[in-house]
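Have a look at the structure below, then the notes.
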Amino acid sequence: MKHIRKYFIGVVLAMILGLGSAHADDSLRAEVGRPMVAAQELLKVKKYKEALAKVRDAEAIANRTTYENFVIDRMRAVAAAGAGDTETAVRSFESVIASGRLSPDESYKTIEAVAGTYYRGGNYANASNWARRYFKEGGTSQQMRSILIQALYLSADYAGSAKELAADIALAERSGRLPSEEYLQLLGNCQLKLKDQVGYISTLERLVSSFPKRDYWVDLIQRVETRPGFSDRLALDVFRIKYATGIFSSPNDYIEASQLSMQGGFPEEARKVIEQGYARGILGIGPDAARHSRLREMATKSANEDAKVLMQTEISALAAKDGGGLVNSGFNYVILGQTDKGLSLMEQGIKRGNLKRPDDALLHLAIAYFYAGQKDRARQAFKDVLGTDGTSDLSKLWTLLSKNHSS
């Protein structure tokens, strides 16, 4: 918020230091002009209370002209705004606007100053009202857009703030620019306040797409996997997307993922997960180091044994009526690095059909394309996953991740 405060100090000073009279024959009498000049000099060095005292000296002069009152109002407004006297500043600014002496540019700056004075004084509802007036009268300042959005949010008008944020974000996207990370965060906060879970997840998707930070991925995946109707059957696939996004951070992440991989018939996958845990210094330390070691040995042994019988498993899968075995065998080959063979088997399995869970198979094929580095093909395959039990949700997460790793 500091940049907002600094911006408005500049606006109000410009009203005094850079703007002149709109009427050539306007002038100040010497007795009024002297305290005004003194006030202006004090404003330059940000001595606002002292400047207000000089304004009061000018107000004490009798028989002031309309123009002298205009100048006094303008000086008082700026000094009061700087001194934090919101009521006096706003009253004075409104008198300046009502004078009819302002050019369009001066009028915009004055309305900005009123909005900023209310904002700095914590009156966010009035700040947003004046910001709206600014744009209604044709103002175009991007800083005022920020003020409007922030003021709406801080006055608890979350729907109003979300609407303005969505408009700015959509404009950035249409223009081919990255939306502001700060605006996306604020939009997400509005949606949480409004209990708009669908909207919030959409905003998280935008965040991980443009700013793929760990915290955004953690939040997004957690919200997706806890959606109503998301199948517990997909626990291993949830760990796969977590592993791929690099958000594992605890021994339990690695242990649970490796155990699920072994139970699912993918011991090489389990071994790779555990080895990464050791490489990152997360496994093999602490009071459970011995347990980690036993799990490592078990996964390595299972992976070695599975490699020996993988060809026989493939032969059995080729002879089967359904394609499920081919999909699983192929996925194991991909994990082992034999991507061409693995992808071919998976594709055969899906073509053969008679699959118990077709969307699972399609999801795994798309993941296999991703593992093989075929990101464009993976993105196309993820579009074919239409399951309502969580598989399509996972495919969307993988699609976002594949965009972060475009080849």
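Within segment 187-223, the residues that satisfy the criterion of being at pLDDT 95 or above and β-branched (Val, Ile, Thr) are Ile201, Thr203, Val208, Val218, Ile221. Within segment 59-70, being closer than 16 Å to Ala39 by Cα, of a type outside the set (Gly, Ala, Ser) and not in a helix (DSSP H, G or I) holds for one residue alone: Ile61.
Screening Glu173 with (1) surrounded by 19 or more Cβ atoms within 10 Å (Cβ to Cβ); (2) in contact with a Pro (Cβ under 8 Å, 6 or more places away or on another chain) gives one miss only, at (1). From the list Leu19, Leu52, Leu28, the one residue that fits, being modelled with pLDDT of 90 or more, in contact with a helix residue (DSSP H, G or I) (Cβ under 7 Å, 6 or more places away or on another chain) and surrounded by 15 or more Cβ atoms within 10 Å (Cβ to Cβ), is Leu52. How about segment 361-382: which of its residues are out of contact with any Lys or Arg (no Cβ under 7 Å at 6 or more places or on another chain) and surrounded by 21 or more Cβ atoms within 10 Å (Cβ to Cβ)? Of everything in segment 361-382, those that are out of contact with any Lys or Arg (no Cβ under 7 Å at 6 or more places or on another chain) and surrounded by 21 or more Cβ atoms within 10 Å (Cβ to Cβ) turn out to be Ala361, Leu362, Leu363, His364, Leu365, Ala366, Ala368, Phe370, Ala378, Ala381, Phe382. Within segment 267-278, is there a residue that is in contact with a Ser or Thr (Cβ under 8 Å, 6 or more places away or on another chain), surrounded by 18 or more Cβ atoms within 10 Å (Cβ to Cβ), closer than 21 Å to Gly373 by Cβ and not assigned by TED's automatic domain parsing to the domain that holds Ala303? The answer is no, given that none of the residues of segment 267-278 is in contact with a Ser or Thr (Cβ under 8 Å, 6 or more places away or on another chain), surrounded by 18 or more Cβ atoms within 10 Å (Cβ to Cβ), closer than 21 Å to Gly373 by Cβ and not assigned by TED's automatic domain parsing to the domain that holds Ala303.
Based on what the data block shows, is Asp306 charged (D, E, K, R) and either surrounded by fewer than 18 Cβ atoms within 10 Å (Cβ to Cβ) or at pLDDT 95 or above (or both)?
Values: charged (D, E, K, R): yes; either surrounded by fewer than 18 Cβ atoms within 10 Å (Cβ to Cβ) or at pLDDT 95 or above (or both): no.
So Asp306 fails the test.
Checking each residue in segment 71-92 for being under 18 Å from Val37 (Cβ atoms) and either outside the structural domain of Leu52 (by TED's automatic domain parsing) or touching a Gly at 6+ places or on another chain (Cβ under 9 Å) (or both) picks out only Val71.
If the condition is being closer than 21 Å to Gly324 by Cβ and of a type in the set (Lys, Arg), then segment 354-400 contributes Lys356, Arg357.
Residues in segment 176-200 that are under 18 Å from Arg145 (Cα atoms) and part of a loop (DSSP other than H, G, I, E, B): Arg177, Leu178, Pro179, Ser180. Restricting Ser407, Ser392 to residues that are at pLDDT below 95, under 25 Å from the mean Cα position of the chain (by Cα) and not β-branched (Val, Ile, Thr) narrows the list to Ser407. Put simply, of Glu269, Glu314 the only residue that is in contact (Cβ under 8 Å) with a residue 60 or more places away in the chain and either among the basic types (Lys, Arg) or in a helix (DSSP H, G or I) (or both) is Glu269.
Segment 72-136 holds helices (runs of 4 or more DSSP H) entirely within its bounds, and those carrying 2 or more residues that are modelled with pLDDT of 90 or more and surrounded by fewer than 17 Cβ atoms within 10 Å (Cβ to Cβ) map to 86-98, 124-136. Taken as a whole, the condition of being outside the structural domain of Gln263 (by TED's automatic domain parsing), of a type in the set (A, V, I, L, M), surrounded by 13 or more Cβ atoms within 10 Å (Cβ to Cβ) and out of contact with any Lys or Arg (no Cβ under 9 Å at 6 or more places or on another chain) does not apply to Ile335.
Conditions (1) surrounded by 15 or more Cβ atoms within 10 Å (Cβ to Cβ); (2) under 21 Å from Thr388 (Cβ atoms); (3) in the same structural domain as His405 (by TED's automatic domain parsing), marked per residue:
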| site | (1), (2), (3) |
| --- | --- |
| Gln197 | no, yes, no |
| Ser210 | yes, no, no |
| Lys213 | no, no, no |
| Arg227 | no, yes, no |
| Phe230 | yes, yes, no |
| Leu236 | yes, yes, no |
| Asp253 | yes, no, no |
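The values are calculated or read from the model by the stated rules, or taken from the named source; none is laboratory data. Source: prediction; values computed, not measured. Counting neighbours? That spans all protein chains shown, and the Cβs are built from the backbone with ideal geometry, glycine included.
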